[in-house]
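Below is one structure; the comments refer to it alone.
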Amino acid sequence: MTLRNLSQQFASEGLIEAIILRPVRGEPAILVNEARAEPGLGLIGDRRANSARARKASSKREVTLFQLEHLPLVANWCGLTELDPLRLRRNLLVSGLNLVGMRSPFPGVVLEWAVGDEVIIQITGPCDPCSKMAAELGAGSYNALRGHGGMTARILSGGVIRVGDRVRLQAVS
């Protein structure tokens, strides 16, 4: 078994635990039960999908994901008793999969992920913390989130994503 083969094996599927939209810059994020994902735009209702930049061309950052299992770790590292995922402003809260493992470490190998029955995404890279997130979570939060800020993805095939949808490896290209 080669590393290339091993990087394409997952012990379980993931699950969409929450969908978070940021309708307006600087305003609170909101939880929704479902959202339409559109290639080149992102999630309809999220400010990114409404921006002129999103309408110009496909991006590596059409949707952002955060690992549910990392919430208590990041909260602890930030000195918080708990961390509401709305504060992180990532679009999809996913459990059951290592999000970093969803991106192939091999150039030219693309892992395509089915989210629910319609949507296909490709993980494109880390979603590093920013100064706005540091201001939201307080001193030390930038370093707490380094390596745990989530992942970015592009939407390859659009459709509706719902809370409770499965996330599973669809194809390798």
- Task: Based on other C-beta atoms within 10 Å, arrange SER95, SER131 from fewest to most.
- Result: SER131, SER95
- the stretch 3-163, relative contact order [Cα under 8 Å, separation at least 6], %: 30
- For the stretch 61-69, just list the computed ³J(HN,Hα) in residue order, Karplus coefficients 6.51, -1.76 and 1.60, θ = phi - 60°, integers in Hz, with x standing in for Gly and Pro. 10, 7, 8, 10, 10, 9, 7, 3, 5
- Task: Please find, in a Gaussian network model of the chain (springs between Cα atoms separated by less than 10 Å), the residue of VAL63, VAL119, VAL94 whose mean-square fluctuation is greatest.
- Result: VAL119
- Message: From the helices alone, meaning DSSP H stretches of at least four residues, give me the mean residue ellipticity at 222 nm for the chain, per-run term -39500 (n - 2.57), in deg cm²/dmol to the nearest 500.
- Response: -4000 deg cm²/dmol
- What is the stretch 78-156's relative contact order, in percent, from Cα pairs under 8 angstrom and six or more apart in sequence? 32
- Task: Name the residue, out of LEU31, LEU88, LEU80, whose mean-square fluctuation peaks in a Gaussian network model built on the chain with Cα pairs under 10 Å.
- Result: LEU80
- Message: To make sure I understand, if each residue's beta carbon is the centre and we count other beta carbons within 10 Å, what order do ILE30, ILE16 fall in, fewest to most?
- Response: ILE30, ILE16
- Can you run the Rg to Rh ratio on the stretch 3-163? Use alpha carbon positions and the Kirkwood inverse-distance Rh. 0.95
- Task: Give me GLU38, GLU27 ranked fewest to most by other Cβ atoms within 10 Å of their Cβ, as a rough exposure proxy.
- Result: GLU27, GLU38
- Task: Evaluate the charge dipole of the stretch 5-134 about its Cα centre and quote only its size in Debye, nearest 20, assuming +1 on the Cβ of each Lys and Arg and -1 on the Cβ of each Asp and Glu.
- Result: 800
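Computed from the coordinates by the stated procedures, all read-outs in this text should not be read as laboratory data. Note that the structure is predicted; figures quoted are calculated from it, not measured. Cβ atoms come from the backbone with ideal geometry, glycine included; neighbour counts cover every protein chain shown.
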